Amino acid sequence: MSFQSPWMLLGLVVIAAFVALWLWLERRRARYAVRYTNLDVLATVVSGRSWMRFVPAAILVLGLAALVIGLARPHVERMLLREKATVILVVDTSRSMQAKDVEPTRLGAAQEALRAFIDDAPDDLRIGLVVFAGEAQVATPPTNDHELVEAAITDIDEFLVFGGTAIGDALQTAVLLGRQVTDLVPEEEATAAPATSTATRSLAQATEPAEDEEKSPVSILFLSDGAQTRGVLQPLEGAELAKDARFPVYTIALGTPGGVIERGPFGGFSQDSGQIIPVPPDPDTLRTIARVTGGEFSEARTADALSKTYDNLGSRLGRESGESEITWLFLAIAAVLLLLAGATAAFVSPRFP
């Protein structure tokens with residue numbers, strides 16, 4: 001704990017001096033006899049109350065001490081939300097996400113964990129959503145409207161994407177969206193398809209930041225379950241874009257090595273019959289992306305592990321260590337104690353019959 005006005009703490013010394021003086025006067029007064037003619041009445045007044053008469057004074061001292069500490073403007077270290085922090089969620093929606101090695105499916109577990117992540121997110125945290133398979137799409141621009149993002153997550157499997165897994169292109173889309181939020185590129189460049197990829201397109205344009213808005217730190221939370229099978233940019237090329245923009249990418253590899261899907265009799269994918277196709281996750285690629293960009297890598301093989309991963313990251317993304325003033329807390333404590341001291345004094349004060 002630190003104090004903005006530490007010199008005010010000298011008031012504690014003054015309070016301690018008054019307490020010491022009061023105790024000395026109490027001991028000195030006890031040396032003199034008290035003359036009172038009706039000893040029976042006096043016994044009735046003081047019997048059983050000798051220690052209680054110190055209670056109001058003790059509470060008063062504590063209240064004054066809390067008041068002095070409050071006037072010193074105390075601050076504590078805690079994790080604070082960065083100014084206009086932004087998290088861009090990137091979610092793989094390829095066919096392999098229908099594997100049931102993670103219940104109910106990989107995609108279903110991801111949707112549930114994402115909803116919990118958004119529900120626990122601070123109201124001021126801006127969240128964007130990018131979905132990808134063989135191409136990448138901006139499902140929602142970074143926004144404080146968390147209900148809009150949740151609605152997009154609920155309908156995540158309705159986005160039209162080609163088959164395959166384009167990790168590099170998805171990273172490029174997230175980086176361009178993040179750079180547009182931080183006002184580092186024009187809006188038309190951030191929301192249009194990248195010149196190097198005709199497969200990357202946006203369904204929702206991000207609102208151009210106001211001129212007086214400050215730049216906000218951006219983090220990318222990237223969830224995938226497979227290796228790159230499609231796309232223009234390779235995963236490490238997309239990672240270099242994020243590194244150049246100074247956007248850390250936190251990657252999550254979802255699924256087990258034994259995950260499979262089945263190709264149906266007419267070439268479609270299903271879980272019912274047909275050719276069995278292994279769809280193991282690719283942790284090595286995702287681990288490298290996190291290392292290159294300064295993020296972190298996590299591996300989730302169950303729905304519970306995925307939820308814990310999102311919960312852990314959600315408590316840190318968009319936050320930084322800082323000091324928060326808690327003057328109000330000590331002033332409130334002081335007010336309660338001073339009122340309690342007055343009430344206690346009225347209750348325990350001697351009453352003559």
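Considering the stretch 250-350, the qualifying strands (runs of 3 or more DSSP E), each wholly inside and each with 2 or more residues that are modelled with pLDDT under 90 and surrounded by 13 or more Cβ atoms within 10 Å (Cβ to Cβ), run over 260-263, 319-325. Residues in the stretch 140-176 that are open to solvent by 40 Å² or more (accessible area, probe 1.4 Å), part of a helix (DSSP H, G or I) and of a type outside the set (S, T, N, Q): GLU147, LEU148, GLU150, ALA151, ASP157, GLU158.
Hey, which of the helices (runs of 4 or more DSSP H) in the stretch 36-139, taking only ones fully inside, have at least 2 residues that are modelled with pLDDT under 80 and among the hydrophobic types (A, V, I, L, M, F, W, C)?
39-46
Going residue by residue through the stretch 3-21, is there one that turns out to be more than 30 Å from SER224 (Cα to Cα), modelled with pLDDT of 80 or more and among the polar types (S, T, N, Q)? Scanning the stretch 3-21, I find at least one residue that is more than 30 Å from SER224 (Cα to Cα), modelled with pLDDT of 80 or more and among the polar types (S, T, N, Q), so the answer is yes.
Per the conditions (1) in contact with a helix residue (DSSP H, G or I) (Cβ under 6 Å, 6 or more places away or on another chain); (2) within 15 Å of GLY226 (Cβ to Cβ), the sole criterion not satisfied by SER94 is (1).
Applying the set (1) of a type outside the set (S, T, N, Q); (2) at pLDDT below 90; (3) surrounded by fewer than 24 Cβ atoms within 10 Å (Cβ to Cβ) to ALA190 leaves exactly one unmet item: (3).
The set of residues from the stretch 82-134 being touching a His at 6+ places or on another chain (Cβ under 7 Å) and of a type in the set (Gly, Ala, Ser) comprises just one member, ALA121. For the stretch 123-182, a tally of residues being touching a Lys or Arg at 6+ places or on another chain (Cβ under 9 Å) and charged (D, E, K, R) returns 5.
The values are calculated or read from the model by the stated rules, or taken from the named source; none is laboratory data. It should be emphasised that the depicted structure is a prediction, and the values quoted were computed from it without experimental measurement. Glycine gets a Cβ as well: all are built from the backbone with ideal geometry, and neighbour counts include every protein chain shown. Each accessible area value is taken on the protein alone, full model and side chains, heavy atoms only, with ligands, DNA and RNA left out. Shrake-Rupley method; radii C 1.70, N 1.55, O 1.52, S 1.80 Å.
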